[in-house]
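Chemist: What follows is a structure written as structure tokens; I'll ask about it next.
The values are calculated or read from the model by the stated rules, or taken from the named source; none is laboratory data. Given the structure is predicted, the values throughout are model-derived calculations rather than measurements. No Cβ is skipped: glycine too gets one built from the backbone with ideal geometry, and neighbour counts run over all protein chains shown. When the accessible area is computed, the model is the full protein with side chains, heavy atoms only, and any ligands, DNA or RNA have been set aside. Shrake-Rupley method; radii C 1.70, N 1.55, O 1.52, S 1.80 Å.
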Amino acid sequence: MLRTVSPRWFTETTRAQRHVHDLATRIRVPLLVFYGDQDEVADHAVSQKWYERYSGADKTLRILASTRHEALHDVTAAQITQETTQWILQRSS
């Protein structure tokens with residue numbers, strides 16, 4: 001687990017996030033977004049705004065109750081894994 005953050009890491013991460021946000025209106029592949037409603041790291045409003053800007057026809061948003069930032073390491077991990085697997089299988093058949 002990352003315990004400290006360098007200025008370079010912050011700068012590069014911020015740049016990458018801006019780039020992905022800017023691409024939201026041009027990406028067309030199926031999209032699955034999930035985040036925990038108890039996440040204190042990521043800003044829910046930013047995730048919601050990006051999801052709304054995404055212009056692809058096939059998009060799914062899941063807000064996970066009682067789940068924090070690392071949802072795959074939280075109590076909902078098995079549920080997320082199962083839902084993600086089903087989501088992928090539905091689109092690959």
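Chemist: Looking only at residues that are hydrophobic (A, V, I, L, M, F, W, C), part of a loop (DSSP other than H, G, I, E, B) and in contact with a helix residue (DSSP H, G or I) (Cβ under 9 Å, 6 or more places away or on another chain) in the range 12-59, which one is surrounded by the most Cβ atoms within 10 Å (Cβ to Cβ)?
Modeler: Residue satisfying both the conditions and the ranking: Ala24.
Chemist: Within the range 60-79, which residues are over 10 Å from Leu32 (Cβ atoms) and surrounded by 13 or more Cβ atoms within 10 Å (Cβ to Cβ)?
Modeler: Those that are over 10 Å from Leu32 (Cβ atoms) and surrounded by 13 or more Cβ atoms within 10 Å (Cβ to Cβ): Ile63, Leu64, Thr67, Arg68, His69, Ala71, Asp74, Thr76, Ala77, Gln79.
Chemist: Output the qualifying pairs, or none if there are none: Cβ atoms under 9 angstrom, residues six or more apart or on different chains, first residue in the range 64-87 and on the phi > 0 side of the Ramachandran plot, second residue at pLDDT below 85 and open to solvent by 70 Å² or more (accessible area, probe 1.4 Å).
Modeler: Ser66/Val75
Chemist: Sticking with this structure for a sec: Under 6 Å between Cβ atoms, at least 6 apart or on separate chains: pull out the pairs that start in the range 22-42 with a residue that is among the hydroxyl-bearing types (Ser, Thr, Tyr) and end on any residue that is open to solvent by 40 Å² or more (accessible area, probe 1.4 Å) and in a loop (DSSP other than H, G, I, E, B).
Modeler: Between residues of the range 22-42 that are among the hydroxyl-bearing types (Ser, Thr, Tyr) and residues that are open to solvent by 40 Å² or more (accessible area, probe 1.4 Å) and in a loop (DSSP other than H, G, I, E, B), the close pairs are Thr25/Ser55.
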